[in-house]
Ligand SMILES: NC(=O)c1ccc[n+]([C@@H]2O[C@H](COP(=O)([O-])OP(=O)(O)OC[C@H]3O[C@@H](n4cnc5c(N)ncnc54)[C@H](OP(=O)(O)O)[C@@H]3O)[C@@H](O)[C@H]2O)c1
């Protein structure tokens, strides 16, 4: 039976990136819908669950993407609401790659440092979809997380989203200029840059002076890179006594994880792959590699 992936994308055009990865992960056909809103979801999901017998429903799965993470979260909630036993299909949420990217970074941090309880983590520009997901996961790991934002009200909004979604508390610091970074990084073991593409967030002098720093991860692949002195291809190398990962160092693992998750959707019909479940898949991949 052919493996069919229903792509529900909240953006105007359905993501080509998500389609290519889905084919590479084993989907035989992708049924793509763009500009999907909450009101569209129920009938689209019913088209999946009433067409094949319950025992064959693991051959149909749902992918939720698009630029906007909160729109994706709403589509996921609506899709789950439309399912009822035994008529169920597996679903994955990865709006703008935020879950797989954040998970890839967090699991590389876990792999490098081990137990994160009590470690201080600073997530720069942690108000975006990737930063928020990473903040929630690191806080769930027991780290004391601080996210930064240029705007206090934006930071506070993100803090509330993270608390509501992950049931954890994170701190917020308004960061408008790099001169404040050395004080912010004092005592921090983990530095994660989730700032936008093409913006340098950290000059090398700011992180090379941070004595407690054990790992620095930059997710920006577009020059100028986010953390000066961390190369885009760095994947666990040591620089200034700190283990560093660049955007491709994380991105390679992210792509493998993305494919693994899509393939997993077709193994059963009751999976919901959001941040925590995707993290479990990633941790399994790390264990298997050992
Ligand atoms: N390696 C991969 O596979 C992969 C996959 C997906 C994404 N990424 C990368 O991950 C990073 C985070 O992605 P995202 O979608 O979460 O980011 P984003 O939403 O584009 O940006 C994150 C935050 O950056 C801040 N910001 C925006 N413009 C800024 C500027 N000029 N200077 C300083 N801060 C600025 C904003 O926060 P405030 O307004 O609150 O300051 C924004 O909320 C990006 O670099 C993206 O390219 C990598």
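Computed from the coordinates by the stated procedures, all read-outs in this text should not be read as laboratory data. Here the structure is a predicted model, which is why all the values come from computation and not from measurement. Backbone-built Cβ (ideal geometry, glycine too); neighbour counts: all protein chains shown.
Listing for the model above:
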{"item": "Per-residue Cβ neighbour rank within 10 angstrom, fewest leading, 3, 287", "result": "287, 3"}
{"item": "0 to 90° range, to nearest 10: angle between helix 129-140 axis and the chain longest Cα axis", "result": "80"}
{"item": "Rounded if a/c under 1.5, otherwise prolate or oblate - the stretch 102-250, Cα gyration tensor axes", "result": "rounded"}
{"item": "Length added when fully stretched, residue 238-residue 13, from 0.36 nm per residue minus Cα-Cα", "result": "77.0 nm"}
{"item": "GNM flexibility winner over the chain from 274, 40, 234 (Cα, springs under 10 Å)", "result": "40"}
{"item": "Stokes-Einstein translational diffusion, the chain - Kirkwood Rh over all Cα pairs, 1.002 mPa s, 20 °C, in µm²/s", "result": "110"}
{"item": "On Cα atoms only, tilt of 98-113 relative to the major axis of the chain in degrees", "result": "50"}
{"item": "Residue order, fewest to most beta carbons within 10 Å, for 120, 2, 283", "result": "2, 283, 120"}
{"item": "For the stretch 207-243 and the stretch 270-285, distance of Cα centres in Å", "result": "27"}
{"item": "Nearest-0.05 FRET efficiency for residue 221 and residue 37, computed from C-beta distance (R0 25 Å)", "result": "0.20"}
{"item": "Most fluctuating residue given options 65, 118, 131, as computed from a GNM of the chain linking Cα atoms under 10 Å", "result": "118"}
{"item": "Distance in nm between pseudo-label sites at residue 1 and residue 20 (7 Å out along the Cβ direction from Cα)", "result": "3.1"}
{"item": "Highest-MSF residue in the chain out of 155, 35, 249 [GNM, Cα springs under 10 Å]", "result": "35"}
{"item": "Sorted peptide list for 6-18, 187-199, 91-103, criterion being average Cβ within 10 angstrom, highest first", "result": "91-103, 187-199, 6-18"}
{"item": "Degrees, to the nearest 10: 152-166 long Cα axis against longest axis of the chain", "result": "50"}
{"item": "248, 166, 84 arranged by Cβ crowding within 10 Å, fewest neighbours leading", "result": "84, 248, 166"}
